Protein chains: 2
Amino acid sequence: MDSKAILTYIEDNKQRFLDELFDLLRLPSVSADPKFAGDVRKTAEMVKSRLLDAGCDKAELVETPGHPVVYGEKIIDPNLPTVVVYGHYDVQPADPYELWDSPPFEPVIKEEKIYARGACDDKGQAYMHVKALQAMVDTGSLPCNVKFMIEGEEEVGSSNLETFVKENKEKLAGDVVLISDTGIIAIDTPSITVGLRGLSYMEVEVTGPNRDLHSGIYGGAVANPINVLCTMIDSLTDENGHITIPGFYDKVEELSTTEREQMAKAPFSLEEYKSELGIDEVKGENGFTTNERTGIRPALDVNGIWGGYTGEGAKTVLPSKAYAKISMRLVPNQHSDEISDLFTAHFKAIAPDYVKVKVTAHHGGQPSVVKTDSLAYGAASKAFEEAWGKAPIPTRDGGSIPIVALFKEVLKVDVVLLGFGLDSDAIHSPNEHYGVFNYFKGIETIALFYKHFVELKK
Amino acid sequence: MDSKAILTYIEDNKQRFLDELFDLLRLPSVSADPKFAGDVRKTAEMVKSRLLDAGCDKAELVETPGHPVVYGEKIIDPNLPTVVVYGHYDVQPADPYELWDSPPFEPVIKEEKIYARGACDDKGQAYMHVKALQAMVDTGSLPCNVKFMIEGEEEVGSSNLETFVKENKEKLAGDVVLISDTGIIAIDTPSITVGLRGLSYMEVEVTGPNRDLHSGIYGGAVANPINVLCTMIDSLTDENGHITIPGFYDKVEELSTTEREQMAKAPFSLEEYKSELGIDEVKGENGFTTNERTGIRPALDVNGIWGGYTGEGAKTVLPSKAYAKISMRLVPNQHSDEISDLFTAHFKAIAPDYVKVKVTAHHGGQPSVVKTDSLAYGAASKAFEEAWGKAPIPTRDGGSIPIVALFKEVLKVDVVLLGFGLDSDAIHSPNEHYGVFNYFKGIETIALFYKHFVELKK
């Protein structure tokens, strides 16, 4: 592969690469909300046609009970290695819309960053792979086969992907799964994610009286489900930041002192972290650093809460019901279904007899760890070194990509998390953005990964 | 006054009295929501014209910075006593609409009850006074003067009524203020409210990070404002159901054993109470009965809570902000402004350093007690005895009518709470209703009050 030709090609096509990504970002492919179903499908169609434009021999929409998976491939020689690319074309809901400085589905570049829902997560990052393929094809330097699997349900738990992968093991056969849905520590500190947390996501409903009551007539005599829910939520963690669900920590992987010392070497400034978030203090499990709290320790967060009157002014209601969405991030050896079961049993057990509770599990996902001694990791490391002039640091991320565990189990290949986002990209938040630099540098790094991967494979 | 003539008049005009009330109920006079401002005014106009129809010499809309007060009067002889009637034509918001069995602003009668927002609180109850006047005028038995003050901001704290009353002391001069905005114990157990709780209504905002965060990347390391708000709310009451705000109970009126024994004589079935509300257990301050908990003890309730993602499905957000509306019901000698200040200081004091809090006070109101040895109370008692065949029991209600304290202070007259609702009328809730029997019996009782009041005055 001629690395220079690739670089020149990227340089010559920058505007087109941006314009094409903008087309994709304009489609509100919010998988969680049924009202966007038509846009989700339009997005899948666009991804399919872009794969063909980029040089794929074939591309198709594979239907599922939910949103379709876009599959595409370019097989240049069955005897050569095959890179399987995974990404997702769906995005998180964009609300609250009023907190966006520019509309979420009208992409703009400000201060060298692309602002739009999905700019980073994951349209921007997935599209780098499409453009890397095109760069290699058009410069005659594609060194191996490539397969794409771009799904439309990642933000709602990839509920149909497992079936798709299991039913298409042959079709998806390859030597490595390459995913860009994570980040680097900083522009001057490239890194590769080697650990991801898992997820259990629960919804709870607490019912007090059978109807909304006047808080004057009944207040003080009838349990208020909001107050009760608050007390129950409060009790889920103790004063040391430990989660109190019995059995919750039983299987948590404990890292050795050496491993923790290794982790501590990653550059990190607590002052900058706090200042960037506008907080005076951090808060988490006692005895662990901030990076450990998100990297190697589980967590429990209320992602949403609602009940009673939430409009303008005052309404003196003692409501019948209160609700919360509560999720737990899991670390290696914890099992999502087991933790959901433990939560459900515990939440029911602590419900006082003056309320009734209902607990439902939303999608979950398994935690995973990527080996750093694999050939694929080695190729990714070399690609970073060549493109960024620095060897990447292995890191453990707090987020979840549940399908990583699935790929390892079903496809039996190594997974490499070659992501280029930054923590400050505000994914899942208003004003999500992605650096223009990261976008182009990512395309280059991905192309270089192919080169090093095939060379190491020889 | 010829009581029989009044009864016959009511009997002959039942359908018209219902039709006229229905016209009033069809107007969505929700004072809390600016989008209903036009309907609120239309309602005021209708009340004005109904006062004239009923026999008032004059009626007018008195403008305020908010919704107008409807004033009307019929002066038959300046030397005779004057009854001042207070009521309100505004209603609570009707949401959640989906929980109504029939639309809130399309009144219907089902099982002898009028279903509509405001059917009981307070259009139905206020309109009984208009029809009682008409019955007395048309039967030639009005024994004294009458003045009406029907306001449009009771459900938002009567914020402009104080100025109105203070500026119109002469106009409102009279011998008693009569209010129907409370209830009786049961159809077979008439009662008169002699105690009302006051109100402090607060809104709190807890801010964590400066933007919504991805709960995977930050969860466990950054304080989640929803979790923090839950912990703060939980801490506002202790395991005995006591409110923990320092100084909160300092001025609470303590009742004597005799007074509590007296209260305990009111008929009450805890089993029926629980069954009617669909709850297995009641919950409140230790050491007090259910009636004491709402009648003579203060309470703290979360009236609304919201934060994070509250839509369909799952969103893994660690939100920037969480909010709650928290109100406290107050008992005699507690002062609304003082309690609001105590709450604000306490809520700020308990905020941990990893969040910021903002506390705002909505409208409040003073608790009040009505004397049972007054001439006005005596007349009300006799009116009940004549119309219902039973002497009424004095009760203490949990709700608040903040202006009661105002009338006593500024107009220097006794107030009588001649209400005919039932606790089960679901005021402030979906499916609010008012008994057809109560509506007509109320009109009769009100007319009889005039008779006994003037007789006792002689």
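Just so you know, all these numbers are worked out from the coordinates, no wet-lab data involved. From a predicted model like this one, the values you see are computed outputs, not experimental measurements. We place every Cβ from the backbone using ideal geometry, glycine too, and count neighbours over all the protein chains shown.
The mean sequence separation of alpha-carbon pairs under 8 Å and at least six residues apart, normalised by the residue count of region A:338-458, gives a relative contact order of 29 percent. Between B:PRO93, B:LEU21, B:VAL83, the Cα set farthest toward the positive side of the dipole of region B:1-117 (charges on each charged residue's Cβ, about the Cα centre) is that of B:VAL83. Computed from point charges on the beta carbon alone (+1 for Lys and Arg, -1 for Asp and Glu), the dipole magnitude for region B:362-458 about its Cα centre is near 360 Debye. For region B:21-65, applying the loop criterion from DSSP together with a ceiling of 12 other beta carbons within 10 Å to the GluC sites (Glu not before Pro) yields B:GLU63.
Each of B:ILE76 and A:ASP373 was given a label point 7 Å from its Cα along the Cα-to-Cβ line. The distance between the two points is 10.5 nm.
In this assembly of identical copies, the label point of A:LYS390 (Cα plus 7 Å along Cα-to-Cβ) is separated from its counterparts by 8.3 nm, sorted shortest first. Summing +1 for each Lys or Arg and -1 for each Asp or Glu among the other residues whose beta-carbon sits under 12 angstrom from that of A:VAL355 gives +1. Taking a ≥ b ≥ c as the square roots of the Cα gyration tensor eigenvalues, with a/c under 1.5 meaning rounded and otherwise prolate when a/b beats b/c, else oblate, which class fits region B:247-312? The shape class here is oblate.
Using a 7 Å projection from Cα along Cα-to-Cβ, the label point at B:SER374 is separated from the same position in the remaining copies by 8.2 nm, smallest value first. Taken residue by residue and averaged, Cβ atoms of other chains lying within 10 Å of the Cβ of A:346-353 number 1.
Across the copies of the chain, A:LYS458 has label points (7 Å from Cα along Cα→Cβ) spaced 12.2 nm apart, shortest distance listed first.
Take every Cα pair under 8 Å whose residues are at least 6 apart in sequence, average their separation, divide by the length of chain A, and the relative contact order is 25 percent.
Based solely on its DSSP helices, what 222 nm [θ] is calculated for chain B when runs of n ≥ 4 H residues each add -39,500 (n - 2.57) and the sum is averaged over all residues, nearest 500 deg cm²/dmol? Don't skip to the end; give the middle numbers.
Working: 14 runs with 156 residues, N = 458.
About -10500 deg cm²/dmol.
Highest first, please rank the peptides A:148-157, A:171-180 by the mean number of other Cβ atoms sitting within 10 Å of their residues. Spell out each step's value before the answer.
Numbers: A:148-157: 25.2, A:171-180: 21.4.
Top to bottom by mean Cβ count within 10 Å: A:148-157, A:171-180.
Inter-chain neighbour count for B:322-332: the average number of beta-carbon atoms from partner chains within 10 Å of each residue's beta-carbon is 4. When +1 charges are put on Lys and Arg Cβ atoms and -1 charges on Asp and Glu Cβ atoms, the dipole computed for the protein assembly as shown relative to its Cα centre reaches about 240 debye. Of the three principal axes defined by the Cα atoms of chain A, the extents in descending order read 79, 50, 45 Å.
What FRET efficiency comes out for the pair B:LYS169/B:HIS335, r = Cβ-Cβ distance, R0 = 22 Å, nearest 0.05?
0.40
For the listed peptides A:289-295, A:38-44, a ranking on the average number of other beta carbons within 10 Å per residue, highest first, reads A:289-295, A:38-44.
Packing, as the average of other Cβ atoms within 10 Å across residues, places the peptides A:102-108, B:203-209, A:342-348 in the order B:203-209, A:342-348, A:102-108, highest first.
Within 10 Å of the Cβ of each residue in B:229-241, the mean number of Cβ atoms contributed by other protein chains is 4. Could you tally the net charge around A:ALA376, taking each other residue with its Cβ under 14 Å from the Cβ of A:ALA376, Lys/Arg +1 and Asp/Glu -1? Combined, the nearby Lys, Arg, Asp and Glu give +2. A dipole drawn for chain B from +1 and -1 charges on Cβ atoms has a positive end, and of B:ALA59, B:VAL30, B:LEU418 the residue lying farthest that way is B:ALA59. For region A:12-128, the Cβ-based charge dipole about the Cα centre amounts to some 140 debye (Lys, Arg positive; Asp, Glu negative; other atoms uncharged). Among rounded, prolate and oblate, which fits region B:1-90 when a ≥ b ≥ c are the square roots of the eigenvalues of its C-alpha gyration tensor, a/c under 1.5 means rounded, and a/b larger than b/c means prolate? Judged from the Cα gyration tensor, region B:1-90 comes out oblate (a/c at least 1.5, b/c at or above a/b).
If you take all other residues with their beta carbon under 14 Å from the beta carbon of A:GLY287, and give Lys and Arg +1 and Asp and Glu -1, the sum is -1. Modelled label positions at B:LYS110 and B:GLU312, each set 7 Å beyond Cα in the direction of Cβ, lie 2.8 nm from each other.
Projecting label points 7 angstrom from Cα along Cα→Cβ for A:THR8 and A:SER102 puts them 3.3 nm apart.
Rounded, prolate or oblate for region A:148-219? Axes are the square roots of the Cα gyration tensor eigenvalues, ordered a ≥ b ≥ c, and the cut-off for rounded is a/c under 1.5. Because a/c hits 1.5 or more and a/b fails to exceed b/c, region A:148-219 counts as oblate. The fewest-to-most ranking of B:SER327, A:SER159, B:SER158, A:SER336 by surrounding Cβ atoms within 10 Å reads A:SER159, A:SER336, B:SER158, B:SER327. Taking chain A as a whole, the Cys residues whose C-beta sits 4.7 Å or farther from every other Cys C-beta are A:CYS56, A:CYS120, A:CYS144.
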